[in-house]
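Peer 1: One structure, as structure tokens, below. Some questions next.
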Amino acid sequence: MNTQEAVLDVPVARKAASSSQTVFALTIFVSAFLLFQVQLIVAKQLLPWFGGSAGVWNTCLVFFQLLLLAGYGYAHAAMARFSSRRLTRIHIGLLVGSVMLLAICALKWRSPIYPSDILRPEAVTSPVWHILVLLSLSVGLPFFLLSTTGPLLQAWFTHAHPGESPYRLYALSNLGSLLGLLTYPLLFEPTLSLRNQGRVWTAGYLLYVLAGVVCAIRAAAAAGEEKEVIASVSGEDDTSDLAPSPGQRLQWFGLAACGCVMLLSVTNLICQEIAVVPFLWVLPLSLYLLSFILCFQEKPIYRRGLFHVAFALTAAWGGIEFLRGEGVKVVAQIGWFDVLLFVACMVYHGELAKLKPRPRHLTSFYFYVAAGGAFGTLLVGLLAPRIFPAIWEFQIGLWLSGLLVALVLWLDPTSWLHRHPRWLAGVVVAGVLAAADYIGVSATILHTSPIYLHILVGVSAVASLVLIVMGPRVQARGGRMLQGAALCGWCLFGLLFWTQAHRQLSHSVLLSRNFYGVLRVAYDEPIANHYALLEKHGLTLHGAQLQAPSRRNIPTLYYGPSSGVGQLLLNRGQNGAPLRIGVIGLGVGTIAAYGQPGDYMRFYEMNPEVARLAKGNEVLFTFLHDTAAQTEVVLGDGRISLERELASQGSQQFDLLAIDAFSGDSIPLHLLTREAMGIYLRHLRSDRSILAFHVSNRAVNLIPVLAGLSEQYHLRLVRILTLAPQSEAEIPSDWVLMAADPAALEIPAILWHARPVNLSGPPLLWTDDYSNLLQVLR
């Protein structure tokens with residue numbers, strides 16, 4: 001080759017390298033986008049099959065984290081055991097096989113990733129395993145291959161482009177994941193049906209497969225240069241051949257686990273505080289991914305001094321807010337949860353980025369990160385609901401993660417735990433003493449006058465100020481004092497959460513937790529100057545019963561005499577004939593207080609713990625026992641149970657069917673669709689039978705959806721909005737009544753309390769294939 005040819009080859013080589021980098025970047029971005037968007041698509045598809053519980057989302061996260069671990073393990077093992085050419089053939093074969101599988105599913109199902117109704121389980125008593133099986137059948141192989149993309153392509157990129165850092169592709173991957181999350185509720189969900197969402201996603205997956213095949217072929221083409229590349233990289237720095245130590249791998253594992261524990265526990269806490277669960281799933285996960293982007297970008301913004309201080313302050317503030325309990329406003333709690341999650345993940349992932357190895361060991365790094373994430377997800381998603389009566393994994397995880405970060409700093413001789421200004425120890429001591437003074441340690445633990453602690457706080461603050469003034473840059477001779485103060489502070493932080501958990505237990509008659517969430521029964525809380533027993537799911541009040549013997553059968557809260565259902569049942573008509581009443585959502589069984597001899601009331605309840613407290617040998621609420629009506633409780637999702645009863649027993653011939661499932665922590669959208677309405681109507685006795693929807697909810701306005709359903713089925717709609725209840729035991733409620741025969745609702749008491757239905761836009765009609773919660777946010 002002459003000199004002129006060599007000169008001409010330089011720009012050609014640069015252009016080829018640039019083109020190759022673009023293909024790798026595009027493939028990683030698209031795979032991450034699809035990887036996270038499919039999680040939201042399939043979770044929404046499965047929600048109606050398992051009662052709309054937030055536990056469905058946590059189980060999906062467990063599945064996706066385990067499959068992510070499998071994908072990272074495949075990438076790590078394949079790079080270590082197979083030659084580039086053989087790995088290319090294997091991976092292309094898997095990609096082609098996944099496309100063939102999607103094609104078969106598209107022919108058999110309604111959508112390539114939307115399972116057929118024949119796979120819907122007959123029972124949901126153990127929903128976790130059903131969900132895992134359905135996810136494996138619908139998106140198992142495509143998700144597995146998408147999860148292999150990040151580590152596998154970054155390893156190929158390292159071999160094809162020696163000397164360039166592959167970790168910026170990791171930041172790009174997280175950016176794709178973030179966009180996949182945010183565009184789903186804002187773009188795809190509002191504009192596409194579930195079936196079309198699956199089809200669009202499949203089209204994107206085909207694009208990914210084509211790009212993946214190109215990357216694999218280019219990696220195989222570079223296989224001949226692999227040895228030279230590794231040798232050149234090793235020649236630059238001999239330390240690149242050193243394998244990470246077991247201690248370093250454990251730090252990767254632990255920091256990744258901490259991030260996932262915080263993500264899922266904060267998601268659980270947010271979901272129990274406010275009703276719009278599907279929308280709020282996206283926010284914590286977006287903050288989690290954003291921390292990865294900021295920490296692994298080419299110029300990370302993570303600074304220990306800034307984020308460690310923020311971590312300590314937000315954690316301390318959180319401990320104090322937890323002690324205040326329900327006195328804290330919901331919006332403030334949610335805001336604090338999100339801020340703490342972001343700051344904590346910045347610390348975990350910032351330290352993780354500092355510990356990342358040379359590119360040669362990146363598949364091992366990603367494998368341990370995925371293993372830690374899967375471990376943390378299993379702890380919160382499967383283990384915690386079985387061993388903790390409330391969401392205590394948040395407090396425990398936050399406390400233990402602080403100790404892990406302290407250990408990481410202690411192992412790093414350059415960290416501020418070893419090298420710091422002399423005044424820093426004094427400031428930490430003053431802060432710890434001030435926090436102890438604020439929460440009342442003197443009275444509750446030391447049993448001494450608080451004046452002594454006041455004096456210690458003042459003295460330590462003055463001493464710190466003197467040290468700052470005398471020598472702000474003077475370094476401490478050792479780190480023992482600061483380390484001891486930090487340890488005492490973290491012990492105090494643990495004491496805060498232990499106190500909160502102890503108070504939660506001592507103030508509850510019952511505190512239990514299962515797949516459907518945390519259920520708390522509180523005793524001796526006054527309602528209308530009479531003591532009552534209350535049932536709560538998170539902050540949502542599901543029912544209450546007055547405890548005075550003469551008042552135990554008085555309907556309370558949303559079901560009092562002024563409510564829509566109360567007006568209906570108190571004005572049964574002149575003949576007073578026995579009624580057949582169906583109720584979706586048991587609560588504490590308050591509606592049974594209206595039962596008369598000869599009436600039959602059939603309750604549908606998804607949560608077996610709720611049913612146990614209202615009917616059985618261990619009841620705490622006696623409405624079902626005290627009523628004159630015959631009662632029966634059917635366990636399972638109300639819509640699914642009604643659908644099965646139509647197939648096996650025929651119509652229940654209800655005179656009144658009440659749907660009371662929309663005031664809780666999650667909105668079961670599948671109970672508000674056109675198909676669900678058809679099931680309800682088939683269970684009514686006649687055109688004069690009435691449907692009653694309880695729609696009291698502080699976060700969403702479901703009136704437009706019900707107006708759309710009434711218009712679709714030509715039903716008369718009446719809204720009973722009770723803002724000033726007549727009884728002190730009641731609270732404001734919102735009920736919507738519907739009937740095919742308008743005369744059924746021509747009851748003077750109903751007409752007197754009816755409110756006009758004013759819509760700001762056209763009525764909404766939701767179907768099983770399309771619903772959008774953003775349309776009804778208040």
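The values are calculated or read from the model by the stated rules, or taken from the named source; none is laboratory data. Worth saying up front: this structure is predicted, and the values here are computed from it rather than measured. Note that each Cβ is placed from the backbone with ideal geometry, even for glycine, and that neighbours are counted across all protein chains shown. For the accessible areas, the whole protein counts, side chains as well, though only heavy atoms, and no ligand, DNA or RNA atoms are used. Shrake-Rupley method; radii C 1.70, N 1.55, O 1.52, S 1.80 Å.
Peer 1: Do the sum for the chain: with -39,500 (n - 2.57) for every DSSP H run of n ≥ 4, divided by all residues, what is the mean residue ellipticity at 222 nm, to the nearest 500 deg cm²/dmol? Could the numbers behind the result be given before it?
Peer 2: Working: 24 runs with 440 residues, N = 778.
Here the helix-only value at 222 nm equals -19000 deg cm²/dmol.
Peer 1: For the chain, what proportion of DSSP beta bridges, expressed in % and rounded to the nearest 5, is antiparallel? Don't skip to the end; give the middle numbers.
Peer 2: On the way: 36 of 57 bridges.
In the chain, DSSP labels about 65 percent of beta bridges as antiparallel.
Peer 1: Quick one: accessible area per residue over the chain, 1.4 Å probe, rounded to a whole number of Å²?
Peer 2: Here the per-residue accessible area is 42 Å².
Peer 1: Report in % the part of the accessible area of the range 675-727 that belongs to carbon and sulfur, leaving out ligands and nucleic acids; probe 1.4 Å.
Peer 2: Carbon and sulfur together cover 46 percent of it.
Peer 1: From the phi angles alone, apply the Karplus equation (6.51, -1.76, 1.60; θ = phi - 60°) to the range 504-512 and give each ³J(HN,Hα) in whole Hz, x where the residue is Gly or Pro.
Peer 2: 4, 6, 5, 9, 10, 6, 8, 9, 9
Peer 1: Could I ask something else about it? So what is the relative contact order of the range 654-778, in percent, for Cα pairs below 8 Å that sit 6 or more residues apart?
Peer 2: Normalised by residue count, the contact order of the range 654-778 is 31 percent.
Peer 1: Give me the Å³ per residue figure for the convex hull around the C-alpha atoms of the range 594-709. Walk me through the numbers on the way to the answer.
Peer 2: On the way: hull volume 14.6 nm³, N = 116.
Dividing the Cα hull volume of the range 594-709 by its residues yields 125 Å³.
Peer 1: Please compute the contact order of the chain in relative form: average sequence separation of alpha-carbon pairs under 8 Å and at least six residues apart, divided by the residue count, as a percent.
Peer 2: Rounded, it is 13 percent for the chain.
Peer 1: Given (1) 184; (2) 148; (3) 197 as candidate values of volume of the Cα convex hull per residue in Å³, which corresponds to the one derived from the coordinates?
Peer 2: (3)
Peer 1: Shifting gears a bit: In nm, give the distance between the simple-model label positions of TRP752 and ILE92, each being 7 Å from the Cα along the Cα-to-Cβ direction.
Peer 2: Computed distance between label sites TRP752 and ILE92 equals 8.1 nm.
Peer 1: Please compute the length gained on full extension between GLN630 and LEU383, using 0.36 nm multiplied by the number of residues separating them and subtracting their Cα-Cα distance.
Peer 2: Extending this stretch completely gives an extra 85.0 nm.
Peer 1: Also, I was wondering about something else. For the pair LEU306 and VAL459, what calculated FRET efficiency results from E = 1/(1 + (r/R0)^6), where r is the Cβ-Cβ distance and R0 = 30 Å, to the nearest 0.05?
Peer 2: Efficiency, from the Cβ-Cβ distance: 0.55.
Peer 1: Computed on alpha carbon atoms, what radius of gyration and Dmax characterise the range 60-179, expressed in Å?
Peer 2: In order Rg, Dmax, the Cα atoms of the range 60-179 give 17.0, 57 Å.
Peer 1: Here's something else I'd like to know. Taking amide H positions as placed in the peptide plane 1.01 Å from N, state which residues far from LEU586 in sequence (5 or more) or on other chains have amide H under 5 Å from it.
Peer 2: Under 5 Å from the amide H of LEU586: MET606.
Peer 1: Give me the distance in nm between label points sitting 7 Å out from Cα along the Cα-to-Cβ direction at LEU210 and SER727, one decimal.
Peer 2: 6.6 nm
Peer 1: Quick check: pseudo-label points 7 Å beyond the Cα along Cα→Cβ at LEU313 and LEU505, how many nm apart are they?
Peer 2: 3.4 nm
Peer 1: Now for a different question. Explain nothing, just the number: relative contact order of the range 680-734, from Cα pairs under 8 Å at least 6 residues apart, as a whole percent.
Peer 2: 28 percent
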